[in-house]
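Enquirer: Following this message is one structure expressed as structure tokens.
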Amino acid sequence: MVSRSKPMRKSISQVPAHLALIPDGNRRWSNLHRFALFKGYEAGVRKFVDFGIWAKGFGVQTLTVWALSTDNIKNRSGMEIGTLYSLYVKAARDPKILEILQKNHARIRVIGNLTGLPKRVKEAFKYLEGKTRMYKEFTINLLVGYGGRDDLIYALRRISAESAHKPNMRIDEKTLRENIRTSSVPDVDLIIRTSGEMRLSGFLPWQSDYSELYFSRKYWPDFEKTDLERALKVFSQRKRRFGK
């Protein structure tokens, strides 16, 4: 799917209806500038708020960002994950950020395996979702405690449990799609990953089947509106065949 861009963006003939983001490079940005790790993640959160508004301004209808992966939670230090949790709570309850979201009619949805998150983090996310629930013009999906393989395993377990009571249950693409945690996330038109890494690392395997990919060398905190515009121009020039 695509959205028509605003007339002023004549060089962008079509904009992805669903844009997804892997905001990579916060730690390397901190090291490069000799900042504390906290500063890199804090800059990354601020950048994402700006990025969301830029995306909406270009005509994007849905934005999905990988905020915290299952591998991050398993493999990074408790101190680092704790830093992220604190930043998420602070951002979710920041009245200035909430004002920006409400002004732009942006709805926040948090998706992933949230069972292991601290109570304060879950409550902060729930608060933000509740404060933006009424908006339908622009949706921001935050993937927290998310991993592509974990999502598929979750679906298979649900299907297995249900099929035990329904021996003639039909299992097809529709069945799997309905049982993944990200069932409400539509197929992605364009995925942007920053920091020069050229892989998806298990990001939305079901929804990225025919996604266009764009890799930026910039670390996430350095990514600017002109970089997003450049990515959208590239997307606009791609020929999407969907297997035809």
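Values quoted throughout were computed directly from the atomic coordinates according to the rules given, and no laboratory measurement underlies them. No experiment lies behind these values; they were computed from the predicted model shown. Cβ: placed from backbone, ideal geometry, glycine included. Neighbour counts: every protein chain shown.
Enquirer: Under a Cβ-Cβ cut-off of 13 Å, what is the net charge of the residues other than Leu37 that fall near it, where Lys and Arg count +1 and Asp and Glu count -1?
Expert: +3
Enquirer: While we're looking at this one, here's another question. Can you tally the net charge around His165? Count Lys and Arg as +1, Asp and Glu as -1, for every other residue whose Cβ sits under 15 Å from the Cβ of His165.
Expert: Cβ neighbours under 15 Å give a net charge of +3.
Enquirer: Would you calculate the volume per residue, in Å³, of the smallest convex hull containing every Cα atom of the range 6-70?
Expert: With only Cα atoms used, the range 6-70 gives 104 Å³ per residue.
Enquirer: Can you give the local net charge around Glu123? Use residues other than it whose beta-carbon is closer than 12 angstrom to its beta-carbon, Lys and Arg +1, Asp and Glu -1.
Expert: Neighbourhood net charge equals +4.
Enquirer: Mean residue ellipticity at 222 nm from the helices of the chain, using -39,500 (n - 2.57) per DSSP H segment of n ≥ 4 over the full residue count, to the nearest 500 deg cm²/dmol?
Expert: Here the helix-only value at 222 nm equals -14000 deg cm²/dmol.
Enquirer: Between Ile153 and Ile100, how many nm apart are label points set 7 Å from Cα along the C-beta direction?
Expert: 3.5 nm
Enquirer: Here is a further query. Say the dipole of the range 145-238 comes from +1 at the beta carbon of Lys and Arg and -1 at that of Asp and Glu; which of Ser208, Gly148, Ile171 then lies farthest toward its positive end?
Expert: Farthest towards the positive end: Ile171.
Enquirer: Something else about it: Out of the DSSP beta bridges found with both residues in the chain, what percent are antiparallel (nearest 5)?
Expert: 5 percent
Enquirer: I've got another one for you. Charges only on Cβ, +1 for Lys and Arg, -1 for Asp and Glu: so what's the dipole of the chain about the Cα centre, in debye to the nearest 20?
Expert: Using only the charged Cβ atoms, the result is roughly 380 debye.
Enquirer: Just one of (i) 17.7, 57; (ii) 18.3, 60; (iii) 20.0, 65 is Rg and Dmax of the Cα atoms in Å calculated from these coordinates, so which is it?
Expert: Identified label for the calculated read-out: (ii).
Enquirer: Set the bar at 29 Å for Cα to Cα. Now go through Lys47/Lys119; Lys47/Lys136; Lys39/Lys136; Lys103/Lys126 and name every pair that lies beyond it.
Expert: Over 29 Å apart, Cα to Cα: Lys39/Lys136.
Enquirer: Quick one: go through the range 80-111 and flag any residue whose amide nitrogen is under 17 Å from the point 7 Å out along the Cα-to-Cβ line of Tyr127.
Expert: 84-102, 108-110
Enquirer: Going by the alpha-carbon gyration tensor, a ≥ b ≥ c the square roots of its eigenvalues, is the range 88-230 rounded (a/c under 1.5) or, if a/c is not under 1.5, prolate (a/b greater than b/c) versus oblate?
Expert: oblate
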